[in-house]
1. Six or more apart or on different chains, Cβ atoms under 6 Å: show the pairs whose first residue is in the range 59-88 and touching a residue at least 40 places away in the same chain (Cβ under 8 Å) and whose second is of a type in the set (S, T, Y) and in a helix (DSSP H, G or I).
2. For the range 1-11, how many residues meet the condition of being modelled with pLDDT of 80 or more and either more than 22 Å from the chain's Cα centre (by Cα) or charged (D, E, K, R) (or both)?
3. If a residue must be basic (K, R) and either more than 30 Å from G12 (Cα to Cα) or more than 20 Å from the chain's Cα centre (by Cα) (or both), how many such residues does the range 55-88 contain?
4. Output the residues belonging to the range 1-11 that are assigned to a loop (DSSP other than H, G, I, E, B) and surrounded by 15 or more Cβ atoms within 10 Å (Cβ to Cβ).
5. Would you check if V77 is β-branched (V, I, T), touching a helix residue (DSSP H, G or I) at 6+ places or on another chain (Cβ under 8 Å), part of a helix (DSSP H, G or I) and surrounded by 11 or more Cβ atoms within 10 Å (Cβ to Cβ)?
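The values are calculated or read from the model by the stated rules, or taken from the named source; none is laboratory data. Since the structure is predicted, the reported quantities are computational estimates derived from the model, not experimental observations. Cβ atoms come from the backbone with ideal geometry, glycine included; neighbour counts cover every protein chain shown.
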Amino acid sequence: MNASKIAYRPVGLALGALSGVIAGAAFKQVWKIVEGEGDAPDATDENRPWNQILIAAAIQGAIFSVVKASVDRSGAVAVRRLTGTWPG
């Protein structure tokens, strides 16, 4: 394992936490647009229909994936600019 991979680990962990916060905030805003108001349903919420729960899960998954990939890629590009090597 080279030095840039080792150096990137704490950066990657911090970026992962940051991406979770960003994605959570983005999902809340998107769900307000989709639903009008209110919180997204939990999978065990018996008062919500299946279609609403599955739509919320699909939207949340898509947002989390896109945000995580964007943040991870940006972090790797920044490390490459600083060190000259790709961390992956």
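1. Hits for this filter: V67/S19; K68/S19; V71/S19; V79/Y8; T83/S4; T85/S4; P87/S4; P87/Y8.
2. Qualifying residue count for the region: 1.
3. 2
4. Scanning the range 1-11 gives no hits.
5. Here the answer is no, as V77 does not meet what is asked.
Residue-wise test of (1) of a type in the set (V, I, T); (2) touching a strand residue (DSSP E or B) at 6+ places or on another chain (Cβ under 9 Å); (3) closer than 26 Å to A7 by Cβ; (4) surrounded by 13 or more Cβ atoms within 10 Å (Cβ to Cβ).
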| residue | (1), (2), (3), (4) |
| --- | --- |
| G24 | no, no, no, yes |
| A43 | no, no, no, no |
| R48 | no, no, no, yes |
| N51 | no, no, no, no |
| A62 | no, no, no, yes |
| S65 | no, no, yes, no |
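A quick yes/no check of all residues on (1) hydroxyl-bearing (S, T, Y); (2) more than 22 Å from D72 (Cβ to Cβ); (3) outside any helix (DSSP H, G or I); (4) over 15 Å from the mean Cα position of the chain (by Cα):
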residue	(1), (2), (3), (4)
L13	no, no, no, no
G16	no, no, no, no
I22	no, no, no, no
F27	no, no, no, no
K32	no, yes, no, yes
G38	no, yes, yes, yes
D42	no, yes, yes, yes
N47	no, yes, yes, yes
I53	no, yes, no, yes
